[in-house]
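Everything on this sheet refers to the single structure shown next.
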């Protein structure tokens, strides 16, 4: 079984550091990008099996990145996970419109994330 | 003398008037008597002419009609009555006492028509043909005495009463007029006196003073009378004016209200719009008066609400409100309250009242409040998120992975400190902004304060392998500051200098005397601040982008804002010099406190 590739996008270095540790430990290959522009650059090199993105970021935020990822690669319906501490309903509307997209509520548990991904690839 | 003349003239005038009235009355009475005589004469002749001759003939049996006539009439006006044949011979006659039938021949037309004529001796005669011709052609003649002035005798009593009344009225009128004219008379008298004296070139101050006094008295009297007269008409017009005044006052009050007012007549037309409506809704008052709402209102929310009041629905007995952004005005939020205008417990309906209130500031404040809460909760949730994740990592970490354990513990400690700082700064900002934090300024030697801050920063800097140094001159001028507040500002600057530094870098806390001020500077060898950010770092919640940072530096955008606010509270200023990649220097400029004032605390 080939190693799954995960693109992790967040501008908080602590978060990416911890999640990378947990995901790598679970056997995933992890690429980290600190905003939408960097993430799109990574995707151009290698398409991920899963995109995990924060919403609020300096530079290009998650609101822009996720729809752009879908429209740029229409033939690749990889799962997208959106990390957000915003619980406001309007935040979810844009994400609802995207296929194969789910929310990850902050505070985020690395253990839960790994379990979610495992279900995803089961 | 003069008054007597007036009196006599008045009496004479009165007598003339009485005589005139009497003459007029007599004349009128006489002419009315003449008319009476004529009327009764004509009708009597006509009546007699239709009576058969045998009843008129005094020679036949019994008293004739003529006798009866005379016996009946009693006022003595009827002088005679006679029946004559065509030759003028008397067939029958009867005459009053002392009267006889004059022998005057009848005119020829008497054979066919009735007529009248005046005869000598004050007689008036009526004649006409007799209808009954049993005794041949015959004529009727009836004579009356012309009514004389003697008849007046009956009315003497009435005349006398009238004359007496008039005679009494004259002096009464005279007295009243005299009373009204007395001041003017006095004035005239004075004037004449002055005039006489003036001719003699001897006008004395006394006379003039008297004249002035009289004039004044008269003017006073006249003005009193005028006032009296005017009061009557004034009372009437005053009522009207009071009403007008009340209405104007009410309109002025409505216009001066801070809210815009609209009144709709029961039919739905705008009956009143205050001037404030124009800037609120962006429509000219003139353009909406007497117009239905739909023609000028471009705000669907307001139209919908007003439409509810158009009918007689039950819910329109109460006020309803709606908030909306006016279509014609940009960047405004309005609140419209609509309620029925009634009086006498709803028995009288005057239409609908619309109160438009500008709630832009409230709306913006609410929005800012919401933003603030969102921001703060995000700021609190971020470190919590990191703490949670590291705690889990720590729990799952292999026992021998010492590096990860140390890293986790450090991060958790950092994040807790960050949250602590945020909460502390939030409290201070809130105190500062509500004005409950008023600085207690005392003259303070800065040396100790700076040394304290330096020592407080040391352990934190050492944890990050930073070198911290303190550079103070031997003598530092005293400044008047609030020590506790100033410590917060200094700590925030030092915290930033440590947080945004690079490993192996340094932080320099220094102070120096300059002209009239002391400059405290915090210099770091950190990442520096780009030009675009430099102007905004003191803004509330502003955070410099950390895109290129390898390590997270949890800031919350309050530290520099608070420091700047505190410095401003001390009438100082805060400045920033920075070069990206090399470092930043924040400097606080404080005025030196005059040595004489205040208390020196060491």
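Only the coordinates and a few stated rules stand behind these numbers; no lab work does. This one's a predicted model, so the numbers in the text were calculated from it and none came from an experiment. Neighbour counts run over all protein chains shown; Cβ positions are idealised from the backbone, glycine included.
Rounded to the nearest 5, what is the percent of antiparallel bridges among the DSSP beta bridges in chain B? Spell out each step's value before the answer.
Numbers: 73 of 81 bridges.
Here the share of antiparallel DSSP bridges comes out near 90 percent.
Return the average number of partner chain Cβ atoms within 10 angstrom of each residue Cβ along peptide A:103-113. The partial results should precede the final answer.
Numbers: counts 0, 0, 0, 8, 11, 5, 5, 6, 5, 1, 1.
What the average comes to for A:103-113 is 4.
Report Rg(Cα)/(2.2 N^0.38 Å) for region B:398-501, keeping two decimals. Working shown, then result.
Values: Rg = 17.5 Å, N = 104, 2.2 N^0.38 = 12.8 Å.
Against the compact-globule rule of thumb, the ratio is 1.36.
I want to check the label-to-label distance for residue B:410 and residue B:16. Put each point 7 Å from Cα in the C-beta direction and report it in nm to one decimal.
Simple spin-label model gives 13.7 nm for this pair.
Which stretch or stretches of region B:522-545 have amide N atoms under 18 Å from the point lying 7 Å from residue B:469's Cα along the Cα→Cβ direction?
B:522-526
Can you list the residues of region A:28-66 with backbone N under 14 Å from a point 7 Å past the Cα of residue A:97, pointing along Cα to Cβ?
Backbone N within reach: A:63-66.
Which whole-number percentage describes the relative contact order of region B:438-601, with Cα contacts under 8 Å and a sequence gap of 6 or more?
On the way: 316 pairs, mean separation 45.3, N = 164.
Relative contact order here is 28 percent.
Kirkwood hydrodynamic radius (Cα pairs, Å) of the protein assembly as shown? List each step's numbers first, then the result.
On the way: mean 1/r = 0.0248 Å⁻¹.
It works out to 40.4 Å.
In whole Å, what is the distance between the alpha-carbon centres of region A:1-33 and region B:98-139?
So the two Cα centres are separated by 158 Å.
Over chain B, what is the mean sequence separation of C-alpha contacts under 8 Å (at least six apart), divided by residue count, expressed as relative contact order in percent? It would help to have the intermediate numbers written out before the result.
Working: 823 pairs, mean separation 42.9, N = 602.
Averaging sequence separation for qualifying contacts and normalising by length gives 7 percent for chain B.
I need the semi-axes of the equivalent ellipsoid of region B:237-322: take the C-alpha gyration tensor, multiply each eigenvalue by 5, square-root it, list largest first in whole angstrom. Before the final figure, lay out the partial values.
Working: eigenvalues 138, 55, 31 Å².
After diagonalising the Cα gyration tensor, the semi-axes are 26, 17, 12 Å.
Which shape class, rounded, prolate or oblate, goes with region B:364-431 when its Cα gyration tensor gives a ≥ b ≥ c as root eigenvalues, a/c under 1.5 marks rounded, and past that a/b bigger than b/c marks prolate? List each step's numbers first, then the result.
Working: a/c = 6.24, a/b = 2.63, b/c = 2.37.
Taking the square roots of the gyration eigenvalues as a ≥ b ≥ c, region B:364-431 is prolate.
Binned at 5 Å from 0, what are the whole-percent values of the Cα-Cα distance distribution for region B:218-279, short to long?
Histogram of Cα-Cα distances, whole percents per bin: 4, 15, 13, 13, 12, 9, 8, 7, 6, 6, 4, 2, 0.
Can you check what the Kirkwood hydrodynamic radius comes to for chain B, Cα pairs only, in Å to one decimal?
Numbers: mean 1/r = 0.0253 Å⁻¹.
Every distinct Cα pair counted, the radius reaches 39.5 Å.
Going by a ≥ b ≥ c, the root eigenvalues of the Cα gyration tensor, does region B:250-379 fall in the rounded group (a/c under 1.5), the prolate group (a/b larger than b/c) or the oblate group? List each step's numbers first, then the result.
Working: a/c = 2.13, a/b = 1.74, b/c = 1.23.
Note, shape of region B:250-379 comes out prolate.
How many angstrom lie between the Cα centre of region B:1-48 and the Cα centre of region A:50-65?
124 Å
Checking a compactness column here: for region B:499-542, what do you get for Rg(Cα) / (2.2 N^0.38 Å), N being the number of residues? Don't jump to the answer; show the numbers that get you there.
Values: Rg = 13.5 Å, N = 44, 2.2 N^0.38 = 9.3 Å.
Scaled against compact globular proteins, the figure is 1.45.
Sorted by mean Cβ packing within 10 Å, highest first, what order do the peptides B:44-52, B:333-341 take?
Details: B:44-52: 16.4, B:333-341: 18.9.
Order by mean packing, descending: B:333-341, B:44-52.
Using a Förster distance of 30 Å, how high is the FRET efficiency between residue B:36 and residue B:156, based on the Cβ-Cβ distance and rounded to 0.05?
Numbers: r = 20 Å, r/R0 = 0.68.
Step by step, r from the Cβ atoms, then E = 0.90.
Taking the simple approach of a point 7 Å from Cα along Cα-to-Cβ for both residue A:41 and residue B:289, what is their distance in nm?
Each label point lies 7 Å from its Cα, and together they span 6.8 nm.
Quick one: what Rg and Dmax do you get for region B:2-147 from the alpha carbons, in Å?
Rg, Dmax (Cα atoms, Å): 21.7, 82.
Take the Cα gyration tensor of region B:19-70, multiply each eigenvalue by 5, square-root it, and list the three semi-axes largest first, rounded to whole angstrom.
So the equivalent ellipsoid measures 37, 11, 4 Å along its semi-axes.
Relative contact order for region A:5-121 using alpha-carbon pairs under 8 Å, separation at least 6, rounded to a whole percent? Provide the component values of the computation, followed by the final result.
Details: 172 pairs, mean separation 28.3, N = 117.
Relative CO of region A:5-121 lands at 24 percent.
As a test of the formula, what do you get for chain A when each DSSP H run with n ≥ 4 contributes -39,500 (n - 2.57) and the sum is divided by the residue count, at 222 nm and rounded to the nearest 500 deg cm²/dmol? The partial results should precede the final answer.
Values: 5 runs with 53 residues, N = 122.
The per-residue figure over chain A is -13000 deg cm²/dmol.
Counting residues in chain A as N, plug N into 2.2 N^0.38 Å and put the Cα Rg over that result. Could you put the intermediate results ahead of the total?
Numbers: Rg = 13.1 Å, N = 122, 2.2 N^0.38 = 13.7 Å.
Output field value: 0.96.
Taking R0 as 22 Å, what's the FRET efficiency between residue B:539 and residue B:433 from their Cβ-Cβ distance, rounded to 0.05? Could you put the intermediate results ahead of the total?
On the way: r = 14 Å, r/R0 = 0.63.
The computed FRET efficiency comes out at 0.95.
Test of understanding: ordering B:177, B:376 by Cβ neighbours within 10 Å, fewest first, what list do you get?
Details: B:177 12, B:376 16.
The most exposed by this proxy come first: B:177, B:376.
With r as the distance between the Cβ atoms of residue B:330 and residue A:118 and R0 = 45 Å, compute the FRET efficiency 1/(1 + (r/R0)^6) and round to 0.05.
For R0 = 45 Å, the calculated efficiency reads 0.25.
Taking the Cα-to-Cβ direction at residue B:373 and at residue A:72 and moving 7 Å from each Cα, how far apart do the two end points lie in nm?
Reported label-point gap for residue B:373 and residue A:72 is 3.7 nm.
Over 25 Å, how big is the tail of the calculated P(r) for region B:438-601, in percent of all Cα pairs?
Numbers: 3794 of 13366 pairs.
Cα-Cα pairs of region B:438-601 separated by over 25 Å account for 28 percent.
What length, rounded to one decimal in nm, is gained on full extension from residue B:24 through to residue B:222, with 0.36 nm per residue of separation minus their alpha-carbon distance? Before the final figure, lay out the partial values.
Details: separation 198, 0.36 × 198 = 71.28 nm, distance 4.00 nm.
My answer for the length gained is 67.3 nm.
Shielding by partners for B:390-400, please: the mean number of other protein chain Cβ atoms within 10 Å of each residue's Cβ.
On the way: counts 6, 3, 8, 8, 1, 1, 5, 2, 1, 0, 0.
Going residue by residue through B:390-400 and averaging, the value is 3.
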